[in-house]
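Peer 1: Got a structure here, written out as C-alpha cells. Questions coming.
The values are calculated or read from the model by the stated rules, or taken from the named source; none is laboratory data. If you're wondering where the values come from, they're calculated on a predicted model, not measured in any experiment. Cβ placement follows ideal geometry from the backbone for every residue including glycine, while neighbour counts extend to all protein chains displayed.
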Amino acid sequence: MNAYTIFLSPDAITDLADGFDYYNKQSYGFGFEFSDTINAYLSKIRQVPTASSIRYDEIRVKPVAAFPYTIHYIIDEINQCIIIVRIFNTYQQPFW
C-alpha cells in the first residue's frame, strides 16, 4: 500500500505557525524542534493512518508526546489522502 498524501487545513496551518512562533519566542530554535516533531508525527500518520483511534465524528486524534498537542485528522480512502483538521494545543479551550 502506498502512503497517503497529507493536506493541512487552513486552521492546521495556523496552529502550526502559532506553535512555531510561540516556541521560538521561548528559546530561539525551539520552534524548529516543534516543527520537526510535528513533521515526524505527520510522517507516521501518513504511513499508518489507522493507528490512531476515532475520537469524534470521523476524526482521529494522535497525541504528540514531546509537546502538549494533538493532531486531529480525517482519512479520505477514496482519494487516498489524509486531511489534517487541527494541530491542537491542549492548553487551549476546545474548539468544538
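Peer 1: Report, by residue number, each residue of region 7-41 that is crowded, with 17+ Cβ neighbours inside 10 Å and touching a Lys or Arg at 6+ places or on another chain (Cβ under 9 Å).
Peer 2: Of everything in region 7-41, those that are crowded, with 17+ Cβ neighbours inside 10 Å and touching a Lys or Arg at 6+ places or on another chain (Cβ under 9 Å) turn out to be ALA12, ASP15, GLY31, TYR41.
Peer 1: Another question, then. For THR90, only one of the following conditions fails: (1) of a type in the set (Ser, Thr, Tyr); (2) free of Cβ contacts under 8 Å to residues at least 60 places away in the same chain; (3) surrounded by 12 or more Cβ atoms within 10 Å (Cβ to Cβ); (4) in contact with a strand residue (DSSP E or B) (Cβ under 7 Å, 6 or more places away or on another chain). What is its number?
Peer 2: (3)
Peer 1: Another question about this same structure. Checking ILE87 against (1) within 14 Å of PHE7 (Cβ to Cβ); (2) more than 14 Å from the chain's Cα centre (by Cα), which test does it fail?
Peer 2: Every condition holds for ILE87 apart from (2).
Peer 1: Does TYR4 satisfy being buried (at least 16 other Cβ atoms within 10 Å of the Cβ), modelled with pLDDT under 95 and touching a helix residue (DSSP H, G or I) at 6+ places or on another chain (Cβ under 9 Å)? Before the answer, list the steps.
Peer 2: Numbers: buried (at least 16 other Cβ atoms within 10 Å of the Cβ): yes; modelled with pLDDT under 95: yes; touching a helix residue (DSSP H, G or I) at 6+ places or on another chain (Cβ under 9 Å): yes.
Against the criterion (buried (at least 16 other Cβ atoms within 10 Å of the Cβ), modelled with pLDDT under 95 and touching a helix residue (DSSP H, G or I) at 6+ places or on another chain (Cβ under 9 Å)), TYR4 qualifies.
Peer 1: Restricting to region 44-54, what's the tally of residues that are under 16 Å from ILE83 (Cβ atoms) and loosely packed, with under 12 Cβ neighbours inside 10 Å?
Peer 2: Result for region 44-54: 1.
Peer 1: I've got another one for you. Need a quick list: strands (runs of 3 or more DSSP E) entirely within region 18-84 having at least 2 residues that are charged (D, E, K, R) and without any contact (Cβ under 8 Å) to a residue 60 or more places away in the chain. Lay out the reasoning, then the answer.
Peer 2: Working: elements: 54-56, 59-64, 69-76.
Ranges flagged: 59-64.
Peer 1: Right, here's the next one. Tell me which residues, restricted to region 31-45, are under 11 Å from the mean Cα position of the chain (by Cα) and not hydroxyl-bearing (Ser, Thr, Tyr).
Peer 2: Filtering region 31-45 down to residues under 11 Å from the mean Cα position of the chain (by Cα) leaves 35, 37-45.
ILE38, ASN39, ALA40, LEU42, LYS44, ILE45, listed by residue number.
Peer 1: Listed residues PHE7, PHE88; which is touching a His at 6+ places or on another chain (Cβ under 8 Å) and of a type in the set (Phe, Trp, Tyr)? Steps first, please.
Peer 2: On the way: PHE7 fails: touching a His at 6+ places or on another chain (Cβ under 8 Å).
The match here is PHE88.
Peer 1: Taking the stated definitions as given, is THR14 in a helix (DSSP H, G or I) and under 18 Å from GLN80 (Cβ atoms)?
Peer 2: So THR14 fails the test.
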